[in-house]
Amino acid sequence: MENPHAERQAVLLERILKNTSKCTEMLMELNHCIEEIIRANAYVKTAADLATKYRKNVQYNLEATKRLSSGWEESEE
């Protein structure tokens, strides 16, 4: 005669393995999606870096122009 506890444990283990397998598949799919998002965001990051550098250059040139124009005004007086 079969042990009913062993049979019940075998059924539970089978369910656990099946659910673990499904969970693993979902995690692999999630990783794949995250990798795609990271690759797509690389272009956004490049654009953001360029915009930041451009803003810094504009700020520097505005300050340099302001210093230059204030120097001319003082020399005219």
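The residues listed here are Glu2, Glu63, Glu36; of these, the one that is of a type in the set (Asp, Glu), open to solvent by 100 Å² or more (accessible area, probe 1.4 Å) and free of Cβ contacts under 8 Å to residues at least 24 places away in the same chain is Glu2.
State whether the residues of the range 1-17 include one that is within 27 Å of the chain's Cα centre (by Cα) and either modelled with pLDDT under 95 or part of a helix (DSSP H, G or I) (or both). Give the steps one after another, and end with the answer.
Step one: of the range 1-17, the residues within 27 Å of the chain's Cα centre (by Cα) are none.
Checked against the condition, which is being within 27 Å of the chain's Cα centre (by Cα) and either modelled with pLDDT under 95 or part of a helix (DSSP H, G or I) (or both), the range 1-17 yields no hits at all.
Scanning the range 24-77 for residues being of a type in the set (Val, Ile, Thr) and over 15 Å from the mean Cα position of the chain (by Cα) gives a total of 4.
The values are calculated or read from the model by the stated rules, or taken from the named source; none is laboratory data. What you see is a predicted model, and the numbers here were worked out from it, not measured in a lab. Ideal geometry is used to build each Cβ from the backbone, glycine not excepted, and the neighbour counts take in all protein chains shown. Just the protein is used for accessible areas: all its heavy atoms, side chains included, with ligands, DNA and RNA removed. Shrake-Rupley method; radii C 1.70, N 1.55, O 1.52, S 1.80 Å.
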